[in-house]
Amino acid sequence: MKKPQRIPSLSLSLSSSISTFPERREEDRDYHLRLMGDSSGSFSVDVERISFGGKEHHIQTNFGPVSVAVYGEQDKPALITYPDVALNHVSCFQGLLFCPEAASLLLHNFCIYHISPPGHELGAAPIPSDYPVLSVDDLADQIAEVLDYFGLESVMCMGVTAGAYILTLFASKYKHRVHGLILVSPLCKAPSWTEWLYNKVLSNLLYYYGMCGLIKDFLLQRYFSKEVRGNSQVPESEIVQACKSLLDERYGTNVWQFLQSMNRRHDLTESLKKLQCRTLIFVGENSPFHSEAIHMTSKLNRKHSALVEVQACGSLVTEEQPHAMVVPLEYFLAGYGLYRPCQLSSSSSSYSPRSPLSPSCISPELLSPESMGIKLKPIKTRISLEV
């Protein structure tokens, strides 16, 4: 296996092209829920937000209930998201969608379906302690049922760490249903003995003490770099404070369930070679899962995958440095004929794509060194090359 090589190319300044990440406000996290029943056994909740509207669906599947928050017009191409352990779409993807350039790119082109792991949705009730733990295959199959519920044939996928693993597994099992993968600090191997033991300790703490301070500290180390976590001299950032506040809403038994599922995961390395979709991977250089992202990139089809390393960042790139994701996402989605509104000509600026994505729109040069070989501070892009 040859080591991925950096592509020397044009250097750009983020300050000239990326606007300042907007300050989060307490009221942005306020939700007003209105329950609406229907005869199908599922029900929906309207979610009114200051920034954009959405609707939360609670769907009964063969693997139990699952919550899906839907944003956008459902006749657009579908983008499904899946968060990391103990997170949901608010704590995992809100930072990215509050970044104006990313929001215009994603919300203009997609209807976004935020799938929450069981018991991780907003206002989730505690899962009974004797409830059976779902396997990672069960969680992947549950996604297929969600797609069937909404009548979606194929989708774009975005996942973070544990969520990235579930979506990669889903793509390997349902190849025809995935257009592309956008993965952030992904997992792809079975847990090492060290990780397995570490997760066992976390599981025991969760089971007996719930979301105690020690658990939150462990999770914050998983998500963020030490620069934003702070120390005795430097206070923790507002991003970390907001995440801690949202973690307070999680029930320990619910997080325990997902952590147990991930601690029993199997290795996806062999199936990576058979993936047919294009893949864009982001990883923070300070992420505990940095080496796993490198390993995953080395096993994917070299012509259809790229790795973006974000400097001075932890695993949760979507929250810590979402602006660093914008340009690589633009290059990636351009291969599907998807652009930000300001990038379209005046005659087509009102154009909005409609589902499904046409394979004829996919550029064969997508992720070539010429199209993805850029170096942006604070990111560096690497792509595996055949010699």
Problem set entry | Close Lys-Lys pairs in the range 215-355, where close means Cα under 17 Å and separation is 8 or more or interchain | 7
Seminar exercise, completed: Env charge @ S116, Cβ radius under 13 Å, K,R +1 / D,E -1, value -3
Seminar exercise, completed: Under the Karplus relation with 6.51, -1.76 and 1.60 and θ = phi - 60°, whole-Hz ³J(HN,Hα) for the range 77-87, x at Gly and Pro, equal x, 9, 10, 9, 10, 8, x, 7, 4, 6, 10
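Find, among the GluC sites (Glu not before Pro) in the range 90-188, those assigned to loop by DSSP (not H, G, I, E, B) with at most 16 other beta-carbon atoms within 10 angstrom.
Sparse-neighbourhood loop GluC sites (Glu not before Pro): E153.
All of the numbers you see were taken from the coordinates with simple rules; none came from a lab. All values derive from a computational prediction rather than experimental measurement. Backbone-built Cβ (ideal geometry, glycine too); neighbour counts: all protein chains shown.
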